[in-house]
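The values are calculated or read from the model by the stated rules, or taken from the named source; none is laboratory data. What you see is a predicted model; the values in this text were computed from it and never measured. So basically every Cβ, Gly included, is an ideal-geometry build from the backbone, and we count neighbours across all protein chains shown.
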Amino acid sequence: MDVNFQTNLKKYADLAIKVGLNLQPGQKLILQALKYGGVPIQTAPLVRELTVSAYQAGARLVDVLWRDDALKLIRFEHAPRDSFEEFPAWQAQVILEVIENGGAMLSISSFDPDLMEGQDPDLLDLQQKAIQKHRKPIITHAGKNTMNWTVLSIPIAGWARKVFPDLPVDEQEPALWDALFKICRVYEEDPLKAWQVHITDLDKRSDFLNHKSYQGLHYTAPGTDLRIGLPVGHTWKSAGFTTRSGIPFTANVPTEEVFTLPDRELTEGIVSSSRPLAYSGNVINNFKLTFKKGKVVDFSAEQGEQVLENLLKIDQGASMLGEVALVPNSSPISQSGLLFYNTLLDENASCHLALGNAYQFNIQGGEKLSTEEFKARGGNTSLIHDDFMIGSGKMNIDGIIADGKTEPVMRDGEWAFKL
Ligand code: ZN
Ligand code: ZN
């Protein structure tokens with residue numbers, strides 16, 4: 001490892017702890033994986049760096065849930081077929097204990113997009129459901145900003161191979177690190193300051209949209225003609241959040257989006273994906289969804305259609321929308337020209353929607369609503385929340401004003417309003 005890389009790694013770790021979490025002195029910190037139960041053991045060098053940064057910021061205790069992808073595969077190869085609803089419940093309890101007692105949560109996003117290629121989609125689905133069932137209380141806490149939390153991506157070999165298949169093997173992981181450092185502004189003179197400026201800009205965009213309080217949005221692009229109704233009191237947010245105890249934090253590093261929730265019953269029309277969706281170790285590509293009264297009534301995919309079908313069937317809310325997000329086509333991730341096969345990064349390259357659960361903080365007073373009250377206001381609930389990308393340089397979006405008139409929000413993939 002060269003000296004420069006080590007320096008950048010340290011900056012990246014500091015970014016996660018100081019900008020992402022804004023970890024406070026005395027807080028406990030739990031590190032866990034976003035979707036797959038534990039942090040892959042290959043990420044240990046950065047996890048150690050994160051732990052150093054966390055203690056330097058005053059952490060009282062840093063704990064890590066680990067996993068090994070090879071063990072996950074072994075389960076699929078050797079475990080009884082009827083056992084895939086099993087889940088080690090203690091994993092969720094460990095996290096809940098930390099976050100319900102004032103601690104912070106750092107989720108690591110790091111996986112091999114091809115790891116589960118060829119495995120039985122039904123078993124994958126069962127396993128995914130088991131994870132999601134146990135993760136539900138954690139997601140609910142995140143949705144209510146109980147704790148400061150953030151998500152950080154860490155390259156591993158299988159992922160780097162997918163993003164840079166044409167590079168020699170020993171150059172793939174360094175190339176992915178380089179790309180991440182770039183899009184996370186690690187190479188800037190003062191990355192922490194650059195992030196503050198960026199978050200302020202996103203906040204101004206969301207303020208602008210909040211003043212407009214559009215009734216809905218109308219999307220047009222090749223293969224897309226979609227109208228989405230927005231509920232009364234919907235609130236546009238950037239990833240710059242504040243916990244209920246008053247700690248400001250940034251839920252994703254990097255982030256380029258401003259987003260809100262749709263009324264789950266008011267989406268009509270057809271939408272085409274503009275980038276592949278990596279889901280549960282599989283890739284769903286070139287897919288179309290047709291909505292009626294908010295629900296997907298028809299779908300097709302050139303790749304991963306069965307996986308898409310399973311995803312839509314997970315529960316009632318899985319076939320309805322829970323997020324509407326705007327990202328200019330000129331975002332650094334889009335400009336990198338790379339496809340990361342990682343929704344957290346790819347979503348920031350493009351306008352996107354999410355199937356499944358909506359965030360309660362996206363509606364006025366939402367944090368205090370019960371699930372039933374939230375649904376009555378138009379919010380969607382589901383075990384899943386999966387973003388899929390629809391934006392491109394050819395997308396136009398209009399805001400629908402109260403009297404039915406429209407005005408441009410985005411043209412050719414870029415913001416159509418000046419601040
Ligand atoms: Zn999003
Ligand atoms: Zn999302």
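If you go through segment 287-315, how many residues are assigned to a helix (DSSP H, G or I) and either crowded, with 22+ Cβ neighbours inside 10 Å or touching a residue at least 12 places away in the same chain (Cβ under 8 Å) (or both)?
Matching residues across segment 287-315 total 7.
Considering segment 302-343 alone, what residues qualify as being within 29 Å of ALA179 (Cα to Cα) and among the small types (Gly, Ala, Ser)?
GLY304, ALA325, SER330, SER331, SER334, SER336, GLY337, listed by residue number.
Quick one: in segment 328-342, of everything that is in contact with a strand residue (DSSP E or B) (Cβ under 9 Å, 6 or more places away or on another chain) and over 23 Å from PHE299 (Cβ atoms), which residue is nearest to ligand 2 (Cβ to nearest atom)?
PHE340
Does GLY379 satisfy the condition of being within 16 Å of ligand 2 (Cβ to nearest atom) and in a loop (DSSP other than H, G, I, E, B)?
Taking the combined requirement at face value, the residue satisfies it.
GLY365: assigned by TED's automatic domain parsing to the domain that holds ASN342, crowded, with 21+ Cβ neighbours inside 10 Å and at positive phi, yes or no?
The answer is no for GLY365.
Taking only segment 156-172 into account, find how many residues are under 30 Å from LEU383 (Cα atoms) and either touching a residue at least 60 places away in the same chain (Cβ under 8 Å) or in contact with a Lys or Arg (Cβ under 9 Å, 6 or more places away or on another chain) (or both).
Of the residues in segment 156-172, 6 are under 30 Å from LEU383 (Cα atoms) and either touching a residue at least 60 places away in the same chain (Cβ under 8 Å) or in contact with a Lys or Arg (Cβ under 9 Å, 6 or more places away or on another chain) (or both).
GLU367 - would you say it is touching a Lys or Arg at 6+ places or on another chain (Cβ under 6 Å) and more than 16 Å from ligand 2 (Cβ to nearest atom)?
Spelling it out, GLU367 is indeed touching a Lys or Arg at 6+ places or on another chain (Cβ under 6 Å) and more than 16 Å from ligand 2 (Cβ to nearest atom).
Is it the case that some residue within segment 91-114 is in a strand (DSSP E or B), of a type in the set (A, V, I, L, M, F, W, C), closer than 22 Å to LEU277 by Cα and within 23 Å of the chain's Cα centre (by Cα)?
Among the residues of segment 91-114, at least one is in a strand (DSSP E or B), of a type in the set (A, V, I, L, M, F, W, C), closer than 22 Å to LEU277 by Cα and within 23 Å of the chain's Cα centre (by Cα), which makes the answer yes.
Answer yes or no as to whether ARG60 is free of Cβ contacts under 8 Å to residues at least 40 places away in the same chain and either buried (at least 16 other Cβ atoms within 10 Å of the Cβ) or among the polar types (S, T, N, Q) (or both).
The answer is no for ARG60.
Does any residue of segment 258-265 turn out to be modelled with pLDDT under 95 and crowded, with 22+ Cβ neighbours inside 10 Å?
No, there is no match, as no residue in segment 258-265 is modelled with pLDDT under 95 and crowded, with 22+ Cβ neighbours inside 10 Å.
Given the condition farther than 24 Å from HIS198 by Cα and surrounded by 18 or more Cβ atoms within 10 Å (Cβ to Cβ), answer yes or no: does some residue in segment 323-340 qualify?
No: segment 323-340 contains no residue that is farther than 24 Å from HIS198 by Cα and surrounded by 18 or more Cβ atoms within 10 Å (Cβ to Cβ).
Test ALA318 against the criterion of being buried (at least 23 other Cβ atoms within 10 Å of the Cβ) and either away from ligand 2 (no atom under 16 Å from the Cβ) or within 19 Å of the chain's Cα centre (by Cα) (or both), and give yes or no.
No.
Could you tell me how many of the residues in segment 169-205 are buried (at least 20 other Cβ atoms within 10 Å of the Cβ) and polar (S, T, N, Q)?
1
Return the only residue of ALA354, ALA358 being in contact with a Gly (Cβ under 7 Å, 6 or more places away or on another chain) and in a strand (DSSP E or B).
ALA354
Would you check if LEU345 is part of a helix (DSSP H, G or I) and either crowded, with 17+ Cβ neighbours inside 10 Å or more than 14 Å from ligand 2 (Cβ to nearest atom) (or both)?
yes
Whether any residue in segment 365-374 is more than 13 Å from ligand 1 (Cβ to nearest atom), free of Cβ contacts under 8 Å to residues at least 40 places away in the same chain and among the acidic types (Asp, Glu) is what I want to check.
There is at least one residue in segment 365-374 that is more than 13 Å from ligand 1 (Cβ to nearest atom), free of Cβ contacts under 8 Å to residues at least 40 places away in the same chain and among the acidic types (Asp, Glu).
Would you pick out the residues in segment 328-342 that are modelled with pLDDT under 90, part of a helix (DSSP H, G or I) and of a type outside the set (S, T, N, Q)?
Listed by number, the list holds a single entry, PRO332.
Note down all Cβ pairs under 8 Å where the first residue falls in segment 183-211 and is on the phi < 0 side of the Ramachandran plot, the second is among the basic types (Lys, Arg) and surrounded by 13 or more Cβ atoms within 10 Å (Cβ to Cβ), and they're at least six residues apart or on different chains.
That search, which allows pairs on different chains as well, returns VAL186/LYS11; PRO191/LYS11; PRO191/ARG185; LEU192/LYS18; ALA194/ARG185; TRP195/ARG185; HIS198/ARG185; SER206/LYS237.
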